[in-house]
1. Using every alpha carbon pair in segment 32-196, what percent of pairs falls into each 5 Å bin from 0 up to the bin containing the largest distance?
2. Count the net charge of all other residues whose Cβ sits under 9 Å from the Cβ of Arg90, scoring Lys and Arg as +1 and Asp and Glu as -1.
3. Relative contact order of segment 32-196, please, whole-number percent, based on alpha carbon pairs below 8 angstrom and at least 6 residues apart.
4. Could you order peptides 169-175, 141-147, 62-68, 126-132 by the average number of other Cβ atoms within 10 Å of their residues, highest first?
5. Test of understanding: ordering Leu165, Leu85, Leu40 by Cβ neighbours within 10 Å, fewest first, what list do you get?
Amino acid sequence: MPARTGSRAAIGVAAAIVAALAWIVWSQAGIAAPSTPTNLLDSLERAERRPSGAAFDVGPVTINGESIRGVATPAASRITWELRLPDRARLEIAVALKPEAWSVAGDGVLFRVGIAEGRTHEDIVTRVVNPYGRPEDRRWIPVSIDLGGHSGFKWSLFYHPRSMLWRIVLNTSAANPASGDPRGYVPLWGEPRLSSY
């Protein structure tokens, strides 16, 4: 008799676990259809911009014959969008420096793309752009970032990225912090687009 009671308890626990897993799968599973690409520049006014009060000018910028709509920022800056990510998210963006300062000696600008969710922040791409020291940087430089690990359904009791608000963070700063001065460079973020693959 005690063995039979123990078996019933084990069956009850197993049934509860199966029910919990079924609820998680039901509430989170499924693959959303690919989303229409979202141009983040269209919501720049709702993004947090630092330094506050500084100019963040949006418009087409032509570099070596390639024209891209971008935002020109102060040399040391941050733009943060808070949003939900589409399933299998990807961020496509281009980076560059305005040509006016290409001939000025300096170390260039460090571009960083990060993602955060309130408790953690992760730099997912870092890229120094230095047209003075590297002539190959005298162009729009495309960057494609897979955000699949931060989006869609995950088999987890606690991690549900599909329902989370994420922060996409674009940072620029002096490539060489010791110099402190990015030599008048004007960083450009071109056509930041969120899509799914």
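We did not get these values from a lab; they are worked out from the coordinates using the rules stated. What you see is a predicted model, and the numbers here were worked out from it, not measured in a lab. Methodologically, a virtual Cβ is constructed for each residue, glycine included, from the backbone with ideal geometry; neighbour enumeration extends over all protein chains shown.
1. With 5 Å bins starting at 0, P(r) equals 2, 9, 18, 21, 19, 14, 9, 5, 3, 1, 0.
2. Around Arg90, the surrounding residues sum to 0.
3. Relative CO of segment 32-196 lands at 38 percent.
4. Descending packing order for the listed peptides: 169-175, 126-132, 141-147, 62-68.
5. Fewest-to-most ranking of Leu165, Leu85, Leu40: Leu165, Leu40, Leu85.
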